[in-house]
Structure formats: structure tokens, C-alpha cells
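Scroll down for the structure; my scribbles are underneath it.
The values are calculated or read from the model by the stated rules, or taken from the named source; none is laboratory data. Bear in mind that the values here come from a model prediction, so they are computed numbers and not experimental data. Here the Cβ positions follow ideal geometry from the backbone for every residue, glycine too, while neighbour counts run over all protein chains shown.
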Amino acid sequence: MTERIALQLGRRDLLVVAGIPGAGKTTLLSRAATGAMPVLDSDQVRSRLRERLPAALPYRFYRPLVHLWHRARVVGFALADDGPLVVHEPSTRASTRGLLALLGVLSRRPVRLLWLDVTPEEARAGQVARGRVIRRHSFARHCRRAEKLRRELRAGWVPAGWHSAQMVTREVTGALRFVTEEEPGRDRSDDVRLVPVERPSAPAVRAG
């Protein structure tokens, strides 16, 4: 039997599910989020706009609007909502991580990183499968930044202003779920391992 892993969030945690484009962040969020926990994914915004815009309009023309709207939602929820919040954001840029740390200070939320660790080849295949392939040069920049970030995370580094950082591989994403402090009782069984997100950065969690 495959072990299920319950990642327990604190009452005010802001969990950022990160990774290079195509890593599988949206898929992870669709499987791992439980209950009424708010989950903010840029794909939610893209789908809303796709319904309202001409079908022939390529995504690249309204991608900046998707990103702007998504980040505005993140800020709004972080400041106004009381419970834990899960957010989709690649976070390969140091400036993005800095802004998220600032948001944590302003909203009085511990900001925590969950890095989805995949190879560039796996991520590229993911982009093809979803039907949205980003430009080669843009993807290469993401990969260069991600490789440095990946090495630092494996060494136990936590971004400045963040409270924790963890890595997971695709092999365990199907077994992973997010729970709140009030929820874990229903997940306690012989095949469930509860992992507090407060745990310091460690080598990637892999399938056992």
C-alpha cells in the first residue's frame, strides 16, 4: 500500500507550491487540497478569461493579465482571509520570493515553500501535455534559476523571510494532501504519515 503523506498547515500559514513551469503544480494542488482551504492557482484566472475572450486569441497576449490578476488575488486573500492559504507560484525569481516574504510580514503569515522537484525534460513534457508551451528562452531562464535554488534547498537553505522550505518529487504528489491543524484526526491511520510543514528544509521527499 502506498503511504499517504499529510502536510499539516498552521492556522495562518501561507504555503507556496513552487517549481518550474510544467512541473505539475496545478495537478498537485488539485489532488492535495482538502476541505474548504483556499487554493489560488493562476490556472483558475486563465480559465475565467478564456471563457470571456475570443477563442482564437493566443494565451501569450493575455498572459500578463493572468499573472497580474492572480497576484492581486493572492494579496487580497492573504490580507483578508483568516485561515491557511495555498498558492501556486513558480518562485524561481529571487524578487518574487522577496515579495512573498513581504506579503507574509504585512499579513502576519508564516510563508512556507513547497518545491516540486522535476527535471527540465519532465517539465517540458508537462507543458506539451497541458497545451501551453512557454518560449524556449524564458523556460531556459526559469531552469537556470531553478537549478541554483534546487542546490541551495538540498543544502538546507530557507529563503530570507520565509519560515520553512521543503522539496517533493512527482512520485509522491499523488499521495500528498494538505490538512489544517483542525483536520489531522481524520487522517490518522496506519498508512498516513503526518508531516508538519514547520519542519526545516530537508532532502526531497520521495516515494518509499
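Take the residues in segment 34-58 that are surrounded by 11 or more Cβ atoms within 10 Å (Cβ to Cβ) and at pLDDT below 90; name whichever of them is nearest to residue 16 (Cα to Cα). Before you say what the answer is, go through the steps one by one.
In the first step, residues of segment 34-58 are kept if they are surrounded by 11 or more Cβ atoms within 10 Å (Cβ to Cβ); the result is 34-35, 37-50, 53, 57.
Among the residues that remain, those that are also at pLDDT below 90 are: 34-35, 37.
Details: 34: 16, 35: 18, 37: 14 Å.
Among them, the one singled out is 37.
Report yes if residue 56 is of a type in the set (Gly, Ala, Ser) and under 23 Å from residue 7 (Cα atoms), otherwise no. Even if it seems obvious, please write down each step before you answer.
Numbers: of a type in the set (Gly, Ala, Ser): yes; under 23 Å from residue 7 (Cα atoms): no.
Spelling it out, it is not the case that residue 56 is of a type in the set (Gly, Ala, Ser) and under 23 Å from residue 7 (Cα atoms).
Can you say whether residue 90 is buried (at least 17 other Cβ atoms within 10 Å of the Cβ), touching a residue at least 40 places away in the same chain (Cβ under 8 Å) and in contact with an Asp or Glu (Cβ under 7 Å, 6 or more places away or on another chain), as far as the supplied structure shows? Working first, answer last.
On the way: buried (at least 17 other Cβ atoms within 10 Å of the Cβ): yes; touching a residue at least 40 places away in the same chain (Cβ under 8 Å): yes; in contact with an Asp or Glu (Cβ under 7 Å, 6 or more places away or on another chain): no.
Here the answer is no, as residue 90 does not meet what is asked.
Which helices (runs of 4 or more DSSP H) sit wholly inside segment 99-188 and have at least 1 residues that are of a type in the set (Phe, Trp, Tyr) and within 21 Å of residue 42 (Cα to Cα)? Write out each step before concluding.
Values: elements: 120-130, 136-154, 170-173.
By residue number, 136-154.
Kindly indicate the residue of segment 61-74 that is of a type in the set (Lys, Arg) and free of Cβ contacts under 8 Å to residues at least 24 places away in the same chain and also surrounded by the fewest Cβ atoms within 10 Å (Cβ to Cβ) among those meeting that condition.
As a first pass, look at segment 61-74 and keep what is of a type in the set (Lys, Arg): 63, 71, 73.
From what's left, free of Cβ contacts under 8 Å to residues at least 24 places away in the same chain: 63, 71.
Working: 63: 15, 71: 19.
Looking at the filtered set, the residue picked out is 63.
Does residue 75 qualify as being at pLDDT 95 or above, closer than 26 Å to residue 166 by Cβ and part of a helix (DSSP H, G or I)?
Numbers: at pLDDT 95 or above: yes; closer than 26 Å to residue 166 by Cβ: yes; part of a helix (DSSP H, G or I): yes.
Considered against the rule, which asks whether it is at pLDDT 95 or above, closer than 26 Å to residue 166 by Cβ and part of a helix (DSSP H, G or I), residue 75 comes out as yes.
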